[in-house]
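See structure below.
The values are calculated or read from the model by the stated rules, or taken from the named source; none is laboratory data. Bear in mind that the values here come from a model prediction, so they are computed numbers and not experimental data. Backbone-built Cβ (ideal geometry, glycine too); neighbour counts: all protein chains shown. Remember, those area values only see protein heavy atoms, side chains included, never the ligands or the DNA or RNA. Shrake-Rupley method; radii C 1.70, N 1.55, O 1.52, S 1.80 Å.
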Amino acid sequence: MSKGSVLPQYIAGLSASFGALCMGASIGWSSPVEKMITESTDYGFAISTSQFGWVSSLLTLGATVVCIPIGFAIDWIGRRPTMLALIPPYMVGWVLMLFANNVTMLYFGRFILGMCGGAFCVTAPMYCTEICTTALRGTIGAFFQLLIVSGVLYGYLVGAFLPLLTINILCAILPLIFATIHFFMPESPVYLAMKGRNEDAAKSLQWLRGKGADIDDELKEILEESQKQIDAPKVNIVAALRRPIVLKGLGIAVLLQVFQQWTGINAILFYSASIFEDTGSGLSGSNAAIIIGVVQVTSTLVGVAIIDKAGRRILLLISGLLMAVTTALMGVYFQLSESNPGSMDNFGWLPISSICIFMVFFSIGFGPVPWLVMAELFSEDVKSVAGSIAGTSNWLSAFMVTLLFPILKTAIGPGPTFWIFTAIAVLAFLYSLFFVPETKGKTIIEIQHMLAGGKAVDLDTKSAGGNKEQT
């Protein structure tokens, strides 16, 4: 028997993460179409700036409300069926966007698209970490963020060169492409084992490791761990979430997701065009957005390549530090521009280069790592619901930042607004330094033991699942 192939794992991981590309395209849609529908009325009816603000924000609000319900669904019906079941509502959302004849249809369309995208944000990272070997978990787990930013760039590109109807059609076909590909992928062997479907789990694992691979040891480990979950005393989910070890993991997962958004990423993405125009760079809004999208995709590729080599924690530290520096520089530029008009006319390169550097270091650290860590920290009995709580915190933060950024920018000015992001990035750096454990190359049992405060790793410690209620 051979060691098999890693290719099936990459295929299944990319397939599941294609749902993130669908969400990314919905995020990227906002920037290029803003002028089309607020100034040119391409929909055939008037949309005010404040109404467009809600059209943008309802995407993240939809993602916020769906995360916790989807956490229960993926345990009831499975990871793969849940993702495939999202396609009909996804299409309903895009049909509303295609045929909207009033702003209410746009509101509902964006909200539904957000719900479907938010559901993928919980399900896909979990599926990806369950189908791969420990050695590949970082790389395949980071596919999710790579496909999100690729989707954003896709939205920017089609939006820059095509009319509104074509943009909507090209975004609407993405969920159909996902369904066509993912239909042929296996269910997570971990989920199948949890449900007592041992033969199906073996078939799934064999497909993922390759026909010639020896899966006996790995299958035995999965089945034993699942049996522990089955044999453990049954407790309701609220009691399970209140275990100290779960609360600690939940605190880490939630705060990383909050830091990801409150360091300003979506504010910069959604308002990149106006930021570039405010600097007098001479770049059109659409060209500026494409530059940012290319930088983000390229940097995320680098992050995917190094995340299993460098480790999660070091990438968070580098990311937090550089995001603090770049947002501080952006704040200085805008503050001096406002207080002393004309003084920064020769420094238009400063905010542009700062935004690009911000994107680079966000994309290798606080972009992919929170989603990966969210799927790594929890035992199987709480993973779905705990992950959905973390996902909810992410999208609620995204909604609040998107809504508050233009308000703060008007009320206190862009300089102090960016300094708020600086302060939060410093907090993110310090939190990562003192409280985030390194999960690179560790099994779920080892990670649970770390969270329990163990100094040395004892593989026989029954700290996973319900077997270690006291910590």
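Scan region 348-380 for residues that are within 21 Å of residue 121 (Cβ to Cβ) and of a type outside the set (Val, Ile, Thr) and report the count. Even if it seems obvious, please write down each step before you answer.
Step one: list which residues in region 348-380 are within 21 Å of residue 121 (Cβ to Cβ), which gives 359, 362-380.
From the residues that got through so far, the ones that are of a type outside the set (Val, Ile, Thr) too are 359, 362-363, 365-368, 370-372, 374-380.
Residues flagged as within 21 Å of residue 121 (Cβ to Cβ) and of a type outside the set (Val, Ile, Thr) within region 348-380 amount to 17.
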Review point. Scanning region 137-158 for residues that are out of contact with any Gly (no Cβ under 7 Å at 6 or more places or on another chain) and buried (at least 23 other Cβ atoms within 10 Å of the Cβ), which turns out nearest to residue 117 (Cα to Cα)?
Key: 144
Check your understanding: Among the numbered criteria (1) more than 30 Å from residue 353 (Cα to Cα); (2) in contact with a helix residue (DSSP H, G or I) (Cβ under 9 Å, 6 or more places away or on another chain); (3) at pLDDT 85 or above; (4) not β-branched (Val, Ile, Thr), which single criterion is violated by residue 226?
Key -> (3)
Practice item. Scan region 174-206 for residues that are open to solvent by 30 Å² or more (accessible area, probe 1.4 Å) and either in contact with a helix residue (DSSP H, G or I) (Cβ under 6 Å, 6 or more places away or on another chain) or over 30 Å from residue 90 (Cβ atoms) (or both) and report the count. Key: 7
Review point. Does residue 38 satisfy being surrounded by fewer than 22 Cβ atoms within 10 Å (Cβ to Cβ) and of a type outside the set (A, V, I, L, M, F, W, C)?
Key: yes
Check your understanding: Which condition does residue 10 not pass, out of (1) touching a helix residue (DSSP H, G or I) at 6+ places or on another chain (Cβ under 6 Å); (2) assigned to a helix (DSSP H, G or I), if it passes all the others?
Key -> (1)
Check your understanding: Before we move on, is residue 362 modelled with pLDDT of 85 or more, within 27 Å of residue 284 (Cβ to Cβ) and under 15 Å from the mean Cα position of the chain (by Cα)?
Key -> yes
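With the structure loaded, tell me whether residue 104 is under 30 Å from residue 197 (Cα atoms) and assigned to a helix (DSSP H, G or I) or whether it fails that test.
Values: under 30 Å from residue 197 (Cα atoms): no; assigned to a helix (DSSP H, G or I): yes.
Against the criterion (under 30 Å from residue 197 (Cα atoms) and assigned to a helix (DSSP H, G or I)), residue 104 does not qualify.
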Check your understanding: Could you say which residue among 315, 322 is over 14 Å from residue 265 (Cα atoms) and at pLDDT 90 or above?
Key -> 315
Review point. Restricting attention to region 22-57, which residues are more than 29 Å from the chain's Cα centre (by Cα) and under 17 Å from residue 94 (Cα atoms)?
Key: 42, 43
Practice item. Might you let me know whether region 92-115 holds any residue that is buried (at least 24 other Cβ atoms within 10 Å of the Cβ), closer than 16 Å to residue 13 by Cβ and out of contact with any Asp or Glu (no Cβ under 8 Å at 6 or more places or on another chain)? Key: no
Point to revise | Index of the failed condition, residue 123 passing every other in (1) over 12 Å from the mean Cα position of the chain (by Cα); (2) modelled with pLDDT of 90 or more; (3) of a type in the set (Val, Ile, Thr) | key: (1)
Revision key, fill the gap. Note on region 58-78: residues of a type in the set (Gly, Ala, Ser), surrounded by fewer than 22 Cβ atoms within 10 Å (Cβ to Cβ) and under 25 Å from residue 403 (Cα atoms) are none
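Could you list, in sequence order, the residues of region 333-349 that are surrounded by fewer than 19 Cβ atoms within 10 Å (Cβ to Cβ) and assigned to a helix (DSSP H, G or I)? Give the steps one after another, and end with the answer.
Residues of region 333-349 that are surrounded by fewer than 19 Cβ atoms within 10 Å (Cβ to Cβ), as a first pass: 335-336, 338-343, 345-349.
Within region 333-349, 335, 336, 338, 339, 345, 346, 347, 349 qualify.
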Review point. In region 241-284, how many residues are open to solvent by less than 10 Å² (accessible area, probe 1.4 Å), over 23 Å from residue 397 (Cα atoms) and modelled with pLDDT under 85?
Key: 1
Review point. Is at least one residue of region 364-373 open to solvent by 10 Å² or more (accessible area, probe 1.4 Å) and either in a helix (DSSP H, G or I) or of a type outside the set (D, E, K, R) (or both)?
Key: yes
Check your understanding: In this structure, is residue 134 at pLDDT below 90, open to solvent by less than 10 Å² (accessible area, probe 1.4 Å), polar (S, T, N, Q) and touching a Gly at 6+ places or on another chain (Cβ under 7 Å)?
Key -> no
Review point. Hey, residue 22 hits all of (1) closer than 23 Å to residue 294 by Cα; (2) open to solvent by 20 Å² or more (accessible area, probe 1.4 Å) but one; which does it fall short on?
Key: (2)
Practice item. Tell me which residues, restricted to region 386-396, are open to solvent by 10 Å² or more (accessible area, probe 1.4 Å) and over 12 Å from the mean Cα position of the chain (by Cα). Key: 389, 396
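So, residue 44, is that one on the phi > 0 side of the Ramachandran plot and touching a residue at least 12 places away in the same chain (Cβ under 8 Å) or not?
Working: on the phi > 0 side of the Ramachandran plot: yes; touching a residue at least 12 places away in the same chain (Cβ under 8 Å): yes.
Yes.
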